[in-house]
Structures are given as structure tokens and as C-alpha cells.
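As C-alpha cells, the structure follows; a few thoughts come after it.
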Amino acid sequence: MAGGIFSPLGSCSELEKANCHPLVCLLCHEPYQHPCLLDCYHNFCASCLRGRASDGRLRCPLCGHPSVVRGGTGLPPVDRLLQFLVDSSADSEENVQCANCDRCCTKAELDTMYFCNTCGQPLCAPCREETHRARMFTRHEIVSLSKRTKDIHKKCPLHEEPYIMFSTEKKSMLCINCFRDMQGESRAHCIDIETAYMQGCQRLDQAVMAVKELQTSTREAIVLLKAMIEEVRNSASEEEAAINSLFSRMQEQLSERKKTLLKAVQSQHEEKEKAFKEQLAHLASLLPTLQVHLVTCSAFLSSANKAEFLDLGYQLMERLQRIVKLPHRLRPAQTSKINSEYRAEFARCLEPLLMLSPRRSVVGSAGGIGPGITGTNMLPGGQCSKTLMVPSCPPSSDKMSTSPMVKKPTMHRYISTKVLLAEGRETPFAEHCRNYENTYRMLQTEIQGLKDQVQELHRDLTKHHSLIKSEIMSEILQKSLQMDVQIAAHYSAVEMMRSVFEEVWEETYQRVANEQEIYEAQLHDLLQLRQENSCLSTITKQIAPYVRSIAKVKERLEPR
């Protein structure tokens, strides 16, 4: 049942509502009845917690923290301090009735009421004068009603003697008899009531100051977390908008390139189909001619005598030779593969969107996470420091402010650089990265020193409200301006290396592109050889019957 009763408190107003009155239970919203203190220091009524314990543990209904419960009641111990405050509040708010005349006294009239400790009854001022002035009441102890609760605790319940000492060891008050019954070493820890009260007040003031500091830090942390939640919400909205925008542009580019590629495929299809049909028509018209001449040869050989053969045979042979020597397109002039290079075309149309266009990064150029919140406020493990940094100002250099944002965050860039340098290849870019890391660490150290100084000043102003010398602020501003000049100079130096590295990258890209082109050409040549071999096999199968027919004719002519 832990945490199931309360919804998460998401705003300061809800927090104030949840703690609107210190003497009201957060479960039943009624004044505490026998308040119990959990290990997380949350209080609830005993009746509200009854029946919630399981296996000797009771989870706080507010925060879910488990508390160890001892005894058969299944309840944590009663908070005596809170019970005292509840009883005091009830005594001060209830109407008191005089035991003699039944006169009711409101809270504003408590100073006019008295209480007889001997009789144990409240008295109004007239009844005190009339009834307790007799000689028989001279030994009755009559005090003011407002001081009755304070006077109750002045006597020891064991010996009925007034308290005179306080034991700092046992944290309890002692009467004279209690003090006499103590051992000698324990008496060294006893002081008088007044001294104990003064020391207790001082310690309580120190504890209150510590709690106030924790309260201030908690409020600052709440403001910080609320700002970060808002920043996360805004960042998520911006990132979603950027993703949707990029996706829409990618869809538009892909749609346009798709239309172009489909037109190119259709054009190649029409051209290849037209060429193959023309070649097919030529071969289709050649095949009957060949068949006719083969039949003619067979009939001529079987029917002509020697004189007829010598008269017409050479003419037939010349005709057959001319037919064979004619330019017949037996091989396909081109492949049947339609290649539009659609992968490369799609990648080429997306390249300006994915690689060359500036991408908005969640982490800004100054490492800021949001207004007034910088990356240095984040502690290891995702925790946040208590101090808030002032909003970061835009860089003074226009060139730096208009440059594309870095795609990879600093940690990712640092790890990638370490991997690059660990490979051991001595390239101009590796040497540049090595020099860059040294300079960047030096600038980062100086910037961190300035941030620490500003955090100390901010802490002094917000917590201690101490005066700060203006010279310190002037020095920090001067150092900040100097650091800005150094960072701008280093940025310009790195920017000047762009042209050199772009030439190297272009050469590498051209080399890779050439290798890819050669590789694709090798595959294409192998496919073309395979197609030619397939055509050769088909033609061989087609002319095999004619070869066998001619061989038979030759066998018949050889005897002649």
C-alpha cells in the first residue's frame, strides 16, 4: 500500500497543501490521535497505521520507506513530542469551566482563571476569592491556569519532590532523592535545571539552523529540478519537431528521387526492349533463309549429277559463303540488367540532410543544459549540485555563434579521439587531435576555476548574505574576457585546418568510390561472361541438328 494513497506532489503549492498544518494527519486530515513516528520521520495516527504492517515492517504511506515494527501491536512508537504539542494545543483551545460556579472561560480569558493543584479543579477569579480565602484552604497550591501545564512537570512522579537537576547522560530531570540514589560517576553528568535549559536552547538553535539550511537547499533543489523538468519537456518538444521536420524533408527528397529513378528505369527498359526486339526481328528473318539454303544444298546434292554440280555447285558455295560473312548480330549488344543505382541515388539525396546540414544538439555550445543550469551542476551519478549558475551568455565571436552545432557530445568525442589515437597511425588528423586535446584540457581547467569562483560568490550571496568585494567580480570578468579571446583564437585555428582535412577526406572518398566502382565493374563483367556462355550454349543446341544433317549429306557424297 506504500505510496498508493498519495499521488506524486508535482508543485510547490501541492507540497504546501500536504503540509498545511503540523498537527493534522496526512491520511485522515484530522488532528493527530496518538501520533506514531516512522523511521522516515513522517507521523500518522495510530488508527491510520493499524493493520498496515507485514512481516514486522510497515511502509510509509507517503514516501514508501520501510520501518521496523516491534511488539504485538504492529505499530511504531508514539511520538511523545508531537503528542505534547497536540495536548498543549487542545488545552489552549478548549473552553474551561469553573468547578464551583460552572462559568465557562474562553481562550482569551485564560489569564483570569486559576487552577488548584490540591483540589485538581479550575477556578474563576470570584470563586477563588470567595471559596479559597478560608483558613482551611491556606495550604492549597493555586496557580494561574495558563501556567498549569508548565507546573505539572516540576515534581518527580516517583518521590513527589521538585526537579532540581538534569542528567546529560540519561537526558532526564532529577529530584534531590533521584540525585542521591545515583552513583558517583553518574553525578558528574548532572547540572542544574537552568544551565541545562540554556544549553538545550543553544543546541536546539544549532539544530534549527541546520534544518533551515537543509530547507533552503531543498527549495533550491526543487527549483532546479522543476527547471530541468521544464527544460527536458522543451528539449523533447524541439527534438520531436526536428525529427518530424527532417523526416518530412527526407520523404519529400525520397519521393522526388523515386520519381526520377522510376523514369530512368522505364527509359532503360524501353531502350533495351527496343534493341532486343530489333535484334530478334533480324534473327527471326535470318533463320528461314538459312533453313531454305540448307534444304537447297541437301536437295542439290541428292539430285545433281557431276556436270550439274560443277556448273552450279560453286555458285551455291559462293552464296553460302556470302551469307555466312554477312554482319549478323548474334550476340546481345547489351545486358538485360537494368541498373539505376538507386541505393547510391537515395543516399546521395539524403546526404545533405543527414551529414552536411547543422543538427541542433541538446547540449549547447557552452555545455549548458538549460537557462541558468549548466553541465557543471550535474554531479556524478546524475545528482545535481545545490547552486545555480547564472544564464550563459552567447559567445562574442559571430563566427562561433553561427557555426554548426557539434553532433557528438564532449564525452563521445573524447572517447572517439582516444580510440583514434590508440590505433597508433601517424596521420595529420591524429596529430591535430593530440594537440587539440592538450589545449582543450587547459582551457577547460581555467573555465572550471572561474565557475567555482562564481559558485562560491553565488553561495555567499544567497545563503550567508555576506558582502562581496567588487574587485573580485572585476577580476572574474577580466579573466572571463581573456578566456573568451583564447577560446575564439583556438576556434579560429581549428577552423583554418578545415580545408586541409577536407582535401584529405575528399581524396579518401574518391579512392573508396573508385574501389567501389571497380568492384561493381568486376561483378558486371563476370555476369556478362556468364550471359555470353549461356547464349553460346543455346546457339550450340540450336545448330546441332543442322550439323548432323550436313554430316549425313557429306557421308553420302564421299563415295562419289
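The values are calculated or read from the model by the stated rules, or taken from the named source; none is laboratory data. Quantities reported herein were computed from a predicted structural model and do not represent experimental measurements. Keep in mind that these areas ignore ligands, DNA and RNA; they rest on the heavy atoms of the full protein, side chains included. Shrake-Rupley method; radii C 1.70, N 1.55, O 1.52, S 1.80 Å.
At a probe radius of 1.4 Å, what is the per-residue accessible area of Cys433, in Å² to the nearest 10?
Rounded to the nearest 10, that gives 10 Å².
At 1.4 Å probe size, what's the solvent-accessible area of Tyr314? Round to the nearest 10 Å².
Taking all protein chains as shown, Tyr314 has close to 140 Å².
Measure out, as a whole number of angstrom, how far apart the alpha-carbon centroids of region 56-71 and region 321-339 sit.
First find each Cα centre; the distance between them is then 92 Å.
Please report, as a whole percent, how much of the solvent-accessible surface of region 19-91 comes from carbon and sulfur atoms (probe radius 1.4 Å).
54
Please work out how much accessible surface Leu526 shows to a 1.4 Å probe, ignoring ligands, DNA and RNA, in Å² rounded to 10.
120
Can you compute 3J(HN,Hα) from phi for each residue in region 540-550, using the Karplus curve 6.51 cos²θ - 1.76 cosθ + 1.60 with θ = phi - 60°, rounded to whole Hz and x for Gly and Pro?
Ordered by residue, 3J(HN,Hα) equals 4, 5, 6, 8, 4, x, 5, 4, 5, 5, 5 Hz.
At 0.36 nm per residue, and after removing the present C-alpha to C-alpha distance, how many nm does the segment from Thr195 to Lys226 gain when stretched out fully?
6.5 nm
If Rh is defined by the Kirkwood formula over all Cα pairs and Rg also comes from Cα, what ratio Rg/Rh do you get for region 187-244?
A ratio of 1.56.
Of the accessible area of region 209-356, with the probe set at 1.4 angstrom, what percent is carbon plus sulfur?
61
With θ set to phi - 60° and the Karplus curve 6.51 cos²θ - 1.76 cosθ + 1.60, what are the ³J(HN,Hα) couplings of region 507-518 in order, to the nearest whole Hz, using x for Gly and Pro?
After applying 6.51 cos²θ - 1.76 cosθ + 1.60, I find 4, 5, 5, 5, 5, 5, 5, 5, 5, 5, 5, 4 Hz.
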